[in-house]
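The values are calculated or read from the model by the stated rules, or taken from the named source; none is laboratory data. Bear in mind that the values here come from a model prediction, so they are computed numbers and not experimental data. Because the Cβ atoms are built from the backbone with ideal geometry, glycine has one as well, and the counts that use them run over all protein chains shown. Ligands, DNA and RNA are stripped out before the accessible areas are found, and what is left, the full protein with its side chains, is counted by its heavy atoms. Shrake-Rupley method; radii C 1.70, N 1.55, O 1.52, S 1.80 Å.
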Amino acid sequence: MRILVTGAAGFIGAALSRRLLDRGDQVTGIDNLNHYYTVALKEARLAGLQDASHFRFRRIDLADRPAMTELFQTEAFDCVVNLAAQPGVRYSLENPAAYVDTNLVGFGNLLEGCRHNGAKHLVFASSSSVYGANRKLPFSEDDNVDHPVSLYAASKKANELMAHSYAHLYGLPCTGLRFFTVYGPMGRPDMAYFSFTRKILAGEPIPVFNHGKLSRDFTYIDDIVEGVMRVIDKPPAGDAQWDGAAPTPSTSYAPYRVFNIGNHQSVELMTFIRTLEECLGKTAELEMLPMQNGDVHATYADVSKLQALTGFHPHTPLQTGLQRFVDWYRGYYQ
């Protein structure tokens, strides 16, 4: 297939592009290589893709409408996988405009490209953050998600709504994937596991918010990529059983659906820290802090819908995944 991967220099985008190339797909990757975190890591990810003759990279910002229009006018894609976004819950408190530009304006440009290009399937990254103030666990795609607690979360919920409107208006098959705390080698430096590792090795205290009374559904990168690969090949059709009198949020009469994609296991933050200490062979100094604005107490993915459609089953234990990350970190940063 001819596949466009946005955010191809990103953590998930680069790993997915590698898998697609390995199975023989033609991949066009785009990324704006912004400075939200070190560009050197993004360039290192891209370097791991350049050996493939059927990979082409273009430096494009989703928010650049003329560039996006030109991309879709000159290339045809069977499938578009949108992984480009301004990430980070906490950064959205400092720079909300970045989320409006990339996650809203940029996503709108992408939808227009798919509409006029005749793409057969748009797979796009949503986030577990959309569950916001929800406290019922595990999180289900059929839960109401109308109470986001950060602009980042609100932008991802907006993406789901925008995609549905295009599925309805133009018959564009859309699948949204709500990722749950992705980690692993070559991951994002702004994520807690990454910064914890750096600080522990440097002998610096690590910030532990809500005094450690948090839990997350940590999902290893290989499991995430496997789930995305399985979804790419299964574009949705409208659900004939969908009932507007009792609407189900996860599906639609239009060719649209959303899935959780996580490890289906919620790990307490203190357990996570102790596991990381074991992998590093070093004890962390903890700085206990109150809850931070925009954060949530717990995440936990119900992945039964994705399993039913694709057979997806995450299989990487936290200890294994963290050890692989630590081994990569020590090698990359020497």
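List of remarks:
- Residue identified as part of a helix (DSSP H, G or I) and within 30 Å of Leu286 (Cα to Cα) among Leu169, Leu276, Leu161: Leu276
- Options Ala85, Ala8: the member that is open to solvent by 20 Å² or more (accessible area, probe 1.4 Å), outside any helix (DSSP H, G or I) and in contact (Cβ under 8 Å) with a residue 12 or more places away in the chain: Ala85
- Of all residues in the range 31-53, those satisfying the criterion of being part of a helix (DSSP H, G or I) and hydrophobic (A, V, I, L, M, F, W, C) are Val39, Ala40, Leu41, Ala44, Leu46, Ala47.
- Residues located in the range 37-50, provided they are within 16 Å of Tyr91 (Cβ to Cβ) and open to solvent by less than 60 Å² (accessible area, probe 1.4 Å): Tyr37
- Subset of the range 163-184 [open to solvent by less than 20 Å² (accessible area, probe 1.4 Å), touching a helix residue (DSSP H, G or I) at 6+ places or on another chain (Cβ under 6 Å) and over 18 Å from Ser140 (Cβ atoms)]: Leu172, Cys174, Val182, Tyr183, Gly184
Residue-by-condition table, conditions (1) surrounded by 12 or more Cβ atoms within 10 Å (Cβ to Cβ); (2) of a type in the set (A, V, I, L, M); (3) touching a helix residue (DSSP H, G or I) at 6+ places or on another chain (Cβ under 9 Å):
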site: Cys279; (1), (2), (3): yes, no, yes
site: Leu286; (1), (2), (3): yes, yes, yes
site: Pro290; (1), (2), (3): no, no, yes
site: Thr310; (1), (2), (3): yes, no, yes
site: Trp328; (1), (2), (3): yes, no, no
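- Pairs meeting the criteria (first residue in the range 55-80 and assigned to a strand (DSSP E or B) and basic (Lys, Arg), second residue open to solvent by 30 Å² or more (accessible area, probe 1.4 Å) and modelled with pLDDT of 95 or more, beta carbons under 7 Å, at least 6 apart or on different chains) are Arg59/Asn32.
- Considering the range 88-116, the residues that are open to solvent by less than 30 Å² (accessible area, probe 1.4 Å) and in contact with a helix residue (DSSP H, G or I) (Cβ under 6 Å, 6 or more places away or on another chain) include one that is modelled with the lowest pLDDT, namely Ser92.
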